[in-house]
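Take a look at the structure below.
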């Protein structure tokens, strides 16, 4: 979900193959970035409720799993396409609308934790 400076909300969710929660969170960050680029956003603030992907992208956590390295590298590459791109961890209660959007695409998901 992208919220523009005007307050307009742009929603997009995509069903993905079964994967881990960490991979799904990395993909959600990338989807948000793609949406922002499509709407001409140059200054982006991303909120995500999963600490590990946030800290991977910020370089605070080492990416130890080989399957995650290309995801993080792609996100770093995408970040360079913005004038400014910030990423912050937020509590889960701040992402309820985005979680609801995911359940619209795949009603079998009770919560993101079910992807583990």
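Rule-based calculations on the coordinates, nothing more; no lab input. Keep in mind the model is a prediction, meaning the values are calculated, not measured. Cβ atoms come from the backbone with ideal geometry, glycine included; neighbour counts cover every protein chain shown.
Taking only C-alpha pairs under 8 Å that are 6+ residues apart, what is the relative contact order of region 2-104 in percent?
34
Give me 50, 28 ranked fewest to most by other Cβ atoms within 10 Å of their Cβ, as a rough exposure proxy.
By the 10 Å Cβ count, ascending: 50, 28.
Using the count of nearby Cβ atoms within 10 Å as a rough guide to exposure, how do 27, 44 rank from fewest to most?
27, 44
Pulled fully out, how much extra length does the chain show between residue 5 and residue 31, if you take 0.36 nm times their separation in residues and subtract their Cα-Cα distance?
Full extension from residue 5 to residue 31 adds 7.5 nm.
In a solvent-free Debye calculation with one equal scatterer on each Cα, what is log10 I(q)/I(0) for region 2-104 at q = 0.10, 0.11, 0.14, 0.15 Å⁻¹, listed in the order of the q values?
Result of the Debye calculation: -0.26, -0.32, -0.52, -0.60.
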